[in-house]
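Structure first, commentary second.
The values are calculated or read from the model by the stated rules, or taken from the named source; none is laboratory data. Quick caveat: nothing in here was measured; it's all calculated off a predicted structure. Cβ sites come from the backbone with ideal geometry, for glycine too, and all protein chains shown count toward neighbours. The protein model used for the area step is the full one, side chains on, heavy atoms only, and it has no ligands, DNA or RNA in it. Shrake-Rupley method; radii C 1.70, N 1.55, O 1.52, S 1.80 Å.
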Amino acid sequence: MGSQVERADSDVRSARKAAVPGWAALRRAGQWVAGESGKGTAGRGWAWSRGRVPAAFAVLTAGLLAFHRAVPNSVGRLGSLLEAFLPWLGLVVPVLLGLALLRRSASALVALLLPVAAWTCLFGGLFLPEARPGPHDLVVVQHNVSDENTDPAGTARALADAGPDLIALEELVPPALHVYEKTLAPDYPYHAVRGTVGLWSRHPLTDARRLDIKPQRIAGPWSRGLRAMVHTPHGEIAAYVAHLPSVRIRASGFASSRRDESAGLLGKAVAAEHLKTVVLLGDLNGTVDDRGLAPLTSRMNVAERGFAFSFPAAFPLARIDQVMARSATVAHVRTLPATGSDHLPIAAQITLP
C-alpha cells in the first residue's frame, strides 16, 4: 500500500513539473551543460577541458597584440612585418570564436576575452566619433598621386573639392606637375615643389627648402623631402612633406632598411626644427605601429580617430600615408574617394594650439 502511495505522489510531482512552462527544456539544458552521462547526452555539454588549441591561439594572439614590440626585428624584420598589419590580428577572434562554439569549450571562450581586450585597448579609440571642427583647426590632405596617374587634372580637382588648407603630393613628375600647378592655382595660390614632392597652400609659404632624407645606398638623383613655413591665421607652422623609400616582402623577410634609414634622417630634421608647431604629411611606407617609424612617432602626435587605410587603393590593407603633428593634435583622419592613383588620398583635421 505504501509503495503505491509513493508511486502516486511521484506521478503527481511529475505531472506538476510537466505543467510548468519550460520545465522539460530547463531539465534538458541542465543535462547538456552538466554533461550527464545518459544515452545521447555524454560529452555534449560545455567543458573546460576541451578547446585547448583555440584557447592557446587566443592567448598567443593577445600576446602578439599587447607585446608586439617584443617580436624581434633581427631575423627578417619580423617585428615590423607584424606591426604593418597589426589591426588585422583582430580577424583571428571570430575564427577562434567559431571553433570555441563548435567545440563547446568554456576555456576557449574565456581566453578570447584577452585578444578582444588587447585589440580594443590598441584600436578601439579610433572608432570614436569625429570631433567637430573648431576655430583653431586646419584641414590637410595627403596624397601619393602616382607617377602613372593618367588623370592628374581630375585628381587635383578631387583633392581641392575636400576644401583643405594644405595639400601635400608625392610622385610629382613632368608633365603632370604642370597640370597640378594649373588646376590648383585658383584655390591654392602658394605652392612649393622640391624633387618629386610638393605642398600647396591657401596661406602664404616662405623658407621652402629641400630636405635631405636620401639613404646612403640609393645612387643617383633622389629628392623626396620638403620643408616650408606656413603663415596660418593662428601663427607660423613648419610643414614637412616626405616620401620615404618603399618596402618589400621577400623570401628573406621584410625589406625596410632603406625606409628605416630615411625615417631616421627625417626624425632628426624634425627634432632640429626651430618652430614649435610642426605638421608632417607624406607617404611614409609604414604604419604608425611600425617600429621603423619610431624616429617620427616618438616625437609627434598621430591620429586619435579613424583608420583611413590608404593602400592599395583597390583593397586598402594599411594606412601608409600619414599625417602627424608636433605641438598640435591630429584629431581625425579619413580617406577620400579614389583617384587615378594606387593610393587613396587621406584628409586630416589638425587642431593648433
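For residue 249, the conditions (1) within 21 Å of residue 270 (Cα to Cα); (2) open to solvent by 30 Å² or more (accessible area, probe 1.4 Å); (3) not in a loop (DSSP other than H, G, I, E, B) all hold with the exception of (1). Among residues that are farther than 20 Å from residue 167 by Cβ and not in a loop (DSSP other than H, G, I, E, B), residue 294 is included. Listed here are the strands (runs of 3 or more DSSP E) enclosed by the stretch 115-202 that have at least 1 residues being closer than 25 Å to residue 238 by Cα, free of Cβ contacts under 8 Å to residues at least 60 places away in the same chain and not hydrophobic (A, V, I, L, M, F, W, C): 190-194, 197-201.
Using the structure shown, decide if residue 206 is loosely packed, with under 13 Cβ neighbours inside 10 Å and of a type in the set (Ser, Thr, Tyr). Yes.
When the stretch 182-203 is filtered for residues that are open to solvent by 60 Å² or more (accessible area, probe 1.4 Å) and closer than 22 Å to residue 283 by Cα, the ones remaining, listed by number, are 190, 191, 194, 202. Per the conditions (1) more than 28 Å from the chain's Cα centre (by Cα); (2) farther than 20 Å from residue 226 by Cβ; (3) buried (at least 18 other Cβ atoms within 10 Å of the Cβ), the sole criterion not satisfied by residue 150 is (3). The residue that is modelled with the lowest pLDDT, among those in the stretch 104-137 that are aliphatic (A, V, I, L, M) and within 18 Å of residue 308 (Cα to Cα), is 131.
For the stretch 73-90, enumerate the residues that are more than 11 Å from residue 119 (Cα to Cα) and either touching a helix residue (DSSP H, G or I) at 6+ places or on another chain (Cβ under 6 Å) or part of a helix (DSSP H, G or I) (or both). Matches in the stretch 73-90: 73, 78, 79, 80, 81, 82, 83, 84.
Total residues in the stretch 48-83 satisfying the condition of being surrounded by fewer than 14 Cβ atoms within 10 Å (Cβ to Cβ) and either of a type in the set (Phe, Trp, Tyr) or within 26 Å of residue 248 (Cα to Cα) (or both): the figure is 7.
The residue that is nearest to the chain's Cα centre (by Cα), among those in the stretch 298-314 that are closer than 15 Å to residue 324 by Cα and free of Cβ contacts under 8 Å to residues at least 60 places away in the same chain, is 308. Can residue 261 be described as open to solvent by 40 Å² or more (accessible area, probe 1.4 Å) and more than 19 Å from the chain's Cα centre (by Cα)? Criteria met by residue 261.
State yes or no: is residue 155 over 30 Å from residue 90 (Cα atoms), over 25 Å from the mean Cα position of the chain (by Cα) and among the β-branched types (Val, Ile, Thr)? When the stated conditions are applied, residue 155 does not pass them.
Do we find a residue being of a type outside the set (Phe, Trp, Tyr) and either touching a Cys at 6+ places or on another chain (Cβ under 8 Å) or over 25 Å from residue 324 (Cβ atoms) (or both) anywhere in the stretch 221-242? The answer is yes; a qualifying residue exists.
What number of residues in the stretch 298-325 are within 15 Å of residue 240 (Cα to Cα), in a strand (DSSP E or B) and open to solvent by 50 Å² or more (accessible area, probe 1.4 Å)? The qualifying residues number 1.
In the stretch 219-236, the residues that are on the phi > 0 side of the Ramachandran plot form Cβ pairs under 9 Å with partners that are assigned to a loop (DSSP other than H, G, I, E, B) and open to solvent by 30 Å² or more (accessible area, probe 1.4 Å), at six or more places apart or across chains, as follows: 235/276; 235/353.
Looking at 209, 217, just one residue is part of a strand (DSSP E or B), over 18 Å from residue 298 (Cβ atoms) and of a type in the set (Lys, Arg), and that residue is 209.
Picking from residues in the stretch 273-297 that are within 16 Å of the chain's Cα centre (by Cα) and of a type in the set (Asp, Glu), the one that is surrounded by the fewest Cβ atoms within 10 Å (Cβ to Cβ) is 289. The criterion of being touching a Leu at 6+ places or on another chain (Cβ under 6 Å), open to solvent by less than 10 Å² (accessible area, probe 1.4 Å) and closer than 23 Å to residue 130 by Cα does not hold for residue 346.
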